[in-house]
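As structure tokens, the structure follows; a few thoughts come after it.
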Amino acid sequence: MIYNFLNIYSFYKNISCWLIWHLLQSHMGEIFGYHAATIANTLNTPIIVFTRTGSMAVILSHYRPFSTIFAFTNVKRVQQRLMLYHGVMPIYMEFSDDAEETFSRALNIIVDKSLVKEGQYVTLVQSGAQPIWRQESTHHIQVRMVQG
């Protein structure tokens, strides 16, 4: 009786660990979207996100951050679709193979349009299952100062 109970307990423990891991994997974008919006609200910074599908910009929009979400995309159709979401300003831009070069170009675009000022901080979000500059899915939040 005790042996069977331990086997059943072990079985359910393994299923529970798998279920928790699976739920975290499937909701990682939501988790990062929530925390990016919270950071941006706390620091009063706009959000910059780079996207090919628009999914992270949509997730961020659902959390209604106080500041603008600048969604940079290299897909015209995604830019058009993102215009429908609250707080999202989609900007079409070709991505470079180098992430830092793309970040600099994006910051220059929004500075030139007087959407942010030099010396202001921005929250930079990189996330998604379809990585732009990475070999695998990863999530990253940075707070950066805009420099000229």
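Coordinate-derived values only; no laboratory data. As the structure is a prediction and not an experimental result, all values here were calculated from the model. Because the Cβ atoms are built from the backbone with ideal geometry, glycine has one as well, and the counts that use them run over all protein chains shown.
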Q. Using the 10 angstrom Cβ neighbour count as an exposure proxy, how do 60, 84, 107 rank, fewest first?
A. 84, 107, 60
Q) Non-local amide H neighbours of residue 96 (under 5 Å, H modeled in plane, Pro and chain starts lacking H): which ones? A) 102
Q: Taking the Cα centre of segment 27-145 as origin, work out the dipole magnitude from +1 charges on Lys and Arg Cβ and -1 charges on Asp and Glu Cβ, in debye rounded to 20.
A: 420
Q. Can you run phi through the Karplus equation (6.51, -1.76, 1.60; θ = phi - 60°) for segment 37-50 and list ³J(HN,Hα) in whole Hz, with x for Gly and Pro?
A. 5, 5, 4, 4, 5, 5, 8, 6, 10, x, 10, 10, 10, 10
Q: Convert each backbone phi in segment 106-120 into a coupling constant with the Karplus relation 6.51 cos²θ - 1.76 cosθ + 1.60 (shift: θ = phi - 60°), then list the ³J(HN,Hα) values in order as whole Hz, x for Gly and Pro.
A: 5, 4, 4, 4, 6, 6, 4, 8, 6, 8, 9, 10, 4, x, 7
Q. Taking the highest mean first, how do the peptides 31-39, 65-73 order by number of other beta carbon atoms within 10 angstrom per residue?
A. 65-73, 31-39
Q. Over segment 27-145, what relative contact order in percent results from Cα pairs under 8 Å that are six or more residues apart?
A. 26
